[in-house]
Each structure stands twice: as C-alpha cells, then as structure tokens.
1. Does ALA93 satisfy being within 16 Å of the ligand (Cβ to nearest atom), part of a helix (DSSP H, G or I) and either acidic (Asp, Glu) or modelled with pLDDT of 90 or more (or both)?
2. Please enumerate the residues belonging to region 37-54 that are over 25 Å from GLY184 (Cα atoms), in contact with a strand residue (DSSP E or B) (Cβ under 9 Å, 6 or more places away or on another chain) and open to solvent by 30 Å² or more (accessible area, probe 1.4 Å).
3. Pull up region 46-55, narrow it to residues that are part of a helix (DSSP H, G or I) and over 14 Å from the mean Cα position of the chain (by Cα), then point me to the one that is nearest to the ligand (Cβ to nearest atom).
4. Report whether or not ASP66 is in the same structural domain as PHE6 (by TED's automatic domain parsing), free of Cβ contacts under 8 Å to residues at least 60 places away in the same chain, under 30 Å from LYS11 (Cβ atoms) and over 24 Å from the mean Cα position of the chain (by Cα).
5. Test ALA290 against the criterion of being within 25 Å of TYR222 (Cβ to Cβ) and crowded, with 18+ Cβ neighbours inside 10 Å, and give yes or no.
6. So if I check each of PHE87, PHE63, which one is open to solvent by 50 Å² or more (accessible area, probe 1.4 Å), on the phi > 0 side of the Ramachandran plot and away from the ligand (no atom under 16 Å from the Cβ)?
7. Those residues that are under 21 Å from HIS329 (Cα atoms), open to solvent by 20 Å² or more (accessible area, probe 1.4 Å) and aliphatic (A, V, I, L, M), I need them from region 294-314; list them, please.
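The values are calculated or read from the model by the stated rules, or taken from the named source; none is laboratory data. Note that the coordinates shown come from a computational prediction; the quantities given were computed from them, not determined experimentally. No Cβ is skipped: glycine too gets one built from the backbone with ideal geometry, and neighbour counts run over all protein chains shown. Only protein heavy atoms, including side chains, enter the accessible area calculation; ligands, DNA and RNA are left aside. Shrake-Rupley method; radii C 1.70, N 1.55, O 1.52, S 1.80 Å.
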Amino acid sequence: MTAVTFEQVSKDWGSTTALFPSDLSLEAGQFSVLLGPSGCGKTTTLRLIAGLEAASTGRISIFGKDVTAVPPSHRGVSMVFQNYALFPHLSVAENIVFGLKVRGVARSIIEDRLKKALDLLSLAPYQARKPGQLSGGQQQRVALARALVGDSQLCLMDEPLSNLDAQLRQEMRHELRALQQELGLSVVYVTHDQTEAMSMADRVVLLKSGRIEQVATPHHIYQAPCSLFVAQFIGSSRMSILTLDHGRIAGTDIVLDVPHGAVSVGIRPEDIRLGGPNKLFVSHTEFTGADLMLHVKAGAQLIAIRAQGNRLVDAHSQIDFGWDVSSLHWFDDKGLRV
Ligand code: ATP
C-alpha cells in the first residue's frame, strides 16, 4: 500500500519553481523523511500533500485516492509544526481534543482517545496544565498527541523538533520513532538535519533546488549516493571529493584503478585507516573529543581522515594511510555516480 503518490506534481509561484514536476511514492506504515538544504522545497512538498498548497501540475494520491482537488480537512491527514501552535488559554487536555470537539465527535470517543494519547505520550500528570507551564519537550508532546487523536493514518511533520535543545531532541527522535512503529503510522517528516533523517527514516527523500535527487533507505543513500551533492550532504563528516588526473589523485603520486568515465573520487573520512601505502603531510587537525580529524594535503586538495581522539598527530607531520578500494565513490563530469 502506498501512503502518498505524486505523479508529475509541481509547484510554481510566478517565476519561482519550488518543486519541478516530480514522481514520488511513499510506502504506508513507513517513516519517510524529506531532507535537503534551506529552500530546496521540503515544506512546499509537505504542504502539497496536506492540501495547504494547490499543485501547479500533476496528481496527488493519499492511500490510493486522488486528493488533488480535495481540501485539507478532507484529506485525512494530521500535521505537527515546528511552532507547536497550542492554544495558551486551553489546558493540555483541551488542546489535545480541540479538533475532535470542533468536528463534533461523540464525547465518549473523545474521552477514550484522550486517555490513550495521554498514556502514550506520558502526559497524564500534566493534563490540567496550560502550555505555558510545560517545558518545550512537553509542549511538543502535546502537539504530537493532538495530531494522533485525530486517528488519521498519515501524519505530516515539519521540523517538529527544531525548537528543542540537543539532548531533548535526541530523546524525542527516539520517542517519535518508537511511537510511529508502535502505531504503524505513515509519517512524512521534514528536516534539514541529515543526522535526524538518517537516524529516524525508513526512507530518505533528498531534495535539491526543487528536484528530488535521490530516494533511498539511509543505508543505501550513505553507501551509494547517486551524485556528488548527495555524497557530500549525507554523512556526519563530509566526504572528501578529489579530482583525478591521469589515473592519480591530482597533485599526488597516489595511483588509482579509475573506472571508465570517472573524473573525481569520493572518500569518507571514516573509510580511511592510518597505516598503509600512501604518505602525505598533515595540513591541520581538528579535535572533537571522540575523534581527531586529520586534513592531509593532496597537492592543492585536502583529504579528511577520521582518527581516534586519543591519538596524537602533529600538524605538518607525515602520515601513512590506506583504504579499501570498495569504499571509494566515483563520479563523472556531470557529478553523477559512476
Ligand atoms: P527551509 O528549510 O528553509 O524551510 P524548504 O526546503 O522547506 O526550506 P520551501 O519553503 O519549500 O523550502 O521553499 C522552496 C522555494 O519556494 C524557496 O525558494 C522559497 O523562497 C519559495 N517559496 C516558498 N513559499 C513561497 C511563497 N508563498 N511564495 C513565493 N515563493 C515561495
């Protein structure tokens, strides 16, 4: 079953194209993440699914039903935003069931769903409080509870954790993912944070300038990025991209078995081991605690190497290193994977 289908869906605002004609298919029961840099069209894509924006072209289906012309309230989706958008004068419980009351849902059903949502999100002790008396994480849980009581099978979330501090964010990621799996929800989640996407998603949809660049599982997008853009966007430390020159890394005597059509090679810092056949000088180092990043000079280019934080390596010293050929990524002159 497919939760969301786009067939040649696009969105223009005058001369600005937020989304070029795109096909997309997101599986039901999965956590799908729309990922990409600022302005790439993530929020627009989410709002198109919700019906908060009308598509300029194409057809949108939700659970197999064409909803292109269906208003947001009839699409059966719930939404959670970055600013929780809670009513300050209503209690936690009243905020959670507000939408159900407006829709005239029977009282017994409202009470039943409220109890479930409060239990699920550990909010029962706070149900009588006003949002102003809650922490950011608790407020976000109220917003989630409100999205969940609606009983819609598709939940859309736009950077819902970005107002939280780093530690709480991490906890909420875990909670949110567990909740999605427990309820079997289909979630479409927007973030510009690749760590968030990689740690939560069943499927990552990476956007670039209004175009879908790659749709894949976190493992696949990390191991086989389809382009230079994806290769450098995914991964907690950036992949080094090195220009090739007649079968060598340009400016060095490191010889590689270059596949036909490749003009550059990508190497992740974590795929390089110290000790090996290559010798280069360290330009500078970066200590982050667990890791020591070594930036070595390869002619005019730099190769980043991730070493253990307890190693001592001086800038300007020479080091030996190597890699498994299978961990190299090759790209052609259009920036596409070879
Ligand atoms: P961010 O991470 O910064 O929120 P995003 O990936 O969600 O970015 P969108 O908000 O979808 O990006 O915007 C995509 C493009 O569409 C941008 O160039 C933006 O300026 C443009 N855009 C968005 N909304 C409108 C609008 N209402 N009118 C005109 N242009 C818009």
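1. No, not satisfied.
2. PRO37, GLY39, GLU53, ALA54
3. Keep residues of region 46-55 that are part of a helix (DSSP H, G or I), which gives 46-50.
From the residues that got through so far, the ones that are over 14 Å from the mean Cα position of the chain (by Cα) too are 47-50.
On the way: ARG47: 8, LEU48: 9, ILE49: 12, ALA50: 12 Å.
Here the answer is ARG47.
4. In short, yes.
5. Criteria not met by ALA290.
6. Working: PHE87 fails: on the phi > 0 side of the Ramachandran plot.
Checking each option against the conditions leaves just PHE63.
7. Taking region 294-314 as the starting set, the residues that turn out to be under 21 Å from HIS329 (Cα atoms) are 294-307.
Within this subset, residues satisfying the condition of being open to solvent by 20 Å² or more (accessible area, probe 1.4 Å) are 295, 297, 299-302, 306.
Answer for region 294-314, where residues must be under 21 Å from HIS329 (Cα atoms), open to solvent by 20 Å² or more (accessible area, probe 1.4 Å) and aliphatic (A, V, I, L, M): ALA300, LEU302.
Matching residues to (1) in contact with a strand residue (DSSP E or B) (Cβ under 7 Å, 6 or more places away or on another chain); (2) without any contact (Cβ under 8 Å) to a residue 12 or more places away in the chain:
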{"site": "ILE221", "(1), (2)": "yes, no"}
{"site": "PRO225", "(1), (2)": "yes, no"}
{"site": "LEU228", "(1), (2)": "yes, no"}
{"site": "ILE234", "(1), (2)": "no, no"}
{"site": "MET239", "(1), (2)": "yes, no"}
{"site": "GLY247", "(1), (2)": "yes, yes"}
{"site": "THR252", "(1), (2)": "yes, no"}
{"site": "LEU256", "(1), (2)": "yes, no"}
